[in-house]
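Data block below; observations after.
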Ligand code: 13P
């Protein structure tokens, strides 16, 4: 049975590249997006380069997203970016609660929840990240940790709102380490997340929500991840900085 969910492959460039590199990487992905036409492709550059990246993909099906945002629409928040500003530029997505935001910048589920509400209110599609640390996995707590993150991050959202977002399962121990979760490990957590979404919204809504895997996804491990029934795409860090690698992953999901 083929999945009703269109696969979504997003590149999280993190704090990398300069303006001209950002522009040419985006242009290369846009020019070759038909290689993975069945999947939706999203680029999430550093905020300062959103504009040139949006220009570079303007005549292609590639979407653009922010890596973070504030939960208020405007105000005295020096250095922050408001959700309507992302919309104003032409972004459709925003990554929220990435493990680097959670661990290095103190973002809790409560913070992520406020941002998710604000993103949805502004008309953005949040990509809400969850995932356990190595210590939590080794203590057998993966299920509890991920369930609590999903419940906390999505608290109070309506079923319709839950139906509009994307979840990224990124085990912290797999991010930037070269250690990818096995397809079975990832599938188990994705299926759990879908069950939790079913209790928060409904099984019908949960069946529509796209759940990406992230953590050392590369062209040579993408196909086995893509073959899992509940893995609906990838959130790619390091490998998204090279057009060939990003498109290689994209083809595994949407070629
Ligand atoms: P890597 O693909 O570099 O492991 O990063 C994953 C990630 O954090 C994407 O958001």
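Quickly run through segment 142-159 and pick out the residues that are in a helix (DSSP H, G or I) and within 12 Å of residue 128 (Cβ to Cβ).
Restricting attention to segment 142-159, the residues satisfying the condition of being in a helix (DSSP H, G or I) are 142-153, 159.
Of everything in segment 142-159, those that are in a helix (DSSP H, G or I) and within 12 Å of residue 128 (Cβ to Cβ) turn out to be 146, 149, 150, 151, 152, 153.
Of 162, 167, which residue is crowded, with 20+ Cβ neighbours inside 10 Å, closer than 21 Å to residue 93 by Cβ, within 16 Å of the ligand (Cβ to nearest atom) and in contact (Cβ under 8 Å) with a residue 24 or more places away in the chain?
Being crowded, with 20+ Cβ neighbours inside 10 Å, closer than 21 Å to residue 93 by Cβ, within 16 Å of the ligand (Cβ to nearest atom) and in contact (Cβ under 8 Å) with a residue 24 or more places away in the chain holds for just one of 162, 167, which is 167.
Given the criterion touching a residue at least 60 places away in the same chain (Cβ under 8 Å) and within 15 Å of the ligand (Cβ to nearest atom), identify the matching residue among 255, 248, 215, 178.
Matching residue, one of 255, 248, 215, 178: 215.
Those residues that are over 18 Å from the mean Cα position of the chain (by Cα) and touching a residue at least 40 places away in the same chain (Cβ under 8 Å), I need them from segment 197-212; list them, please.
Passing the criteria: 200, 201, 202, 205.
Yes/no matrix, rows are residues, columns are (1) buried (at least 18 other Cβ atoms within 10 Å of the Cβ); (2) within 30 Å of residue 228 (Cβ to Cβ); (3) at pLDDT 95 or above:
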{"position": "4", "(1), (2), (3)": "no, yes, no"}
{"position": "8", "(1), (2), (3)": "yes, yes, yes"}
{"position": "11", "(1), (2), (3)": "yes, yes, yes"}
{"position": "24", "(1), (2), (3)": "no, no, yes"}
{"position": "33", "(1), (2), (3)": "yes, yes, yes"}
{"position": "40", "(1), (2), (3)": "yes, yes, yes"}
{"position": "44", "(1), (2), (3)": "yes, yes, yes"}
{"position": "62", "(1), (2), (3)": "yes, yes, yes"}
{"position": "66", "(1), (2), (3)": "yes, yes, yes"}
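Scan segment 231-245 for residues that are crowded, with 20+ Cβ neighbours inside 10 Å and away from the ligand (no atom under 13 Å from the Cβ) and jot them down.
231, 232
The values are calculated or read from the model by the stated rules, or taken from the named source; none is laboratory data. From a predicted model like this one, the values you see are computed outputs, not experimental measurements. Cβ atoms come from the backbone with ideal geometry, glycine included; neighbour counts cover every protein chain shown.
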